[in-house]
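None of the figures in this text is laboratory data; all of them are computed from the coordinates on show. No experiment lies behind these values; they were computed from the predicted model shown. When we count neighbours, we look across all protein chains shown, and the Cβ atoms used for this are built from the backbone with ideal geometry, even at glycine.
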Amino acid sequence: MTIEFYPVSVSYTDAATTESDTLGMRSSYHCEFIHGMYRVGDTSFLEIALQYASYPSFCGGAYAHSPQSRVIAERNWGGMLERGYKASHTKADEFSDGIIDLRKHVEGSENWSDGQWKEYGYRALGNALITKLTMNGKRGCILSGPIHAEAAQFCEQMALIDFTRRAQVEHHGMLPWEYRLSVNNNVQSCPVKVQVQETEAWVNFNSSNECKWFPIVITSDMLGGEEGHMSEDSARDRAYEDFIDMGHDDDDYYFDEWYDQHYSEYQFHSEDVIEGSITQDEMDYAAIAGDYVRRYSWSN
């Protein structure tokens, strides 16, 4: 199985937009921001962004909204660089070398179109959301949005993620460029099952858009408790391999009876979680990420 690379992302907590605004990005929605800015061409960059809120009393779940994935280049930088970025660069070569070049990491991406990078961006953003959920012990999240817009596209790509990579940078501070930086040098990866459940569409009379709720459920060995372990199918497959290796007959009837007696042994398999170290270019990115993170709320 080819495991797709997902870069380190940035998570902002309690960050304000200006020196006079002490609430800033949390004032409207009380959300944290998840963000990433990466190079995908000599003069183009991939930006991913999401607003996230954790609800301790909400059945252990979380809420996220307004996912965005877009490829930006010099010809259309105006809308990006004039709204809340610390560094107002006017040329691509003024961007820091510390920005991760995804072309070096994403297999087969050398000739990708902007559309392919945008789809990849949604998967990378989905991985960042999974990272946030697993770091906070959350097994579910809910989004809402128009059925043919960003939220739907994001969920479509997120459902394709079958192997997650937990690497995230935490920023804390009154301003994004005056932060306390926390980087976890240990990177964890493991299989993940993402289910985006189907719901009925409804009309948002504020926007006249046809919208949906998008409940997302993740199953991962990074989460504790029986519900957080790998799926029942995965556990049964693992148990069946051992059953046959022990010389038992290939008979589903006897396997079912044996599995019922050994069920708990296969609900967690620590070897599924791969430990590693964060790459040097991701460490370099963490050091300068604050210069390229949004400083305003948005909604789609």
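Details
- Counted by neighbouring Cβ atoms within 10 Å, the residues L223, L46, L160 run from fewest to most as L160, L223, L46.
- Neighbour counts of other Cβ atoms within 10 Å put H35, H148, H105 in the fewest-to-most order H148, H105, H35.
- Cβ-based exposure ranking for M135, M222, in which fewest neighbours within 10 Å come first: M135, M222
- Here's how it looks for V187: its modeled amide H is under 5 Å from those of G276, S277, I278, which are all 5 or more places away or on a different chain.
- Once both labels are positioned 7 Å from their Cα atoms along Cα-to-Cβ, the gap between D114 and H148 label points is 2.0 nm.
- Label-point separation, N206 to S299 (7 Å along Cα→Cβ), nm: 0.3
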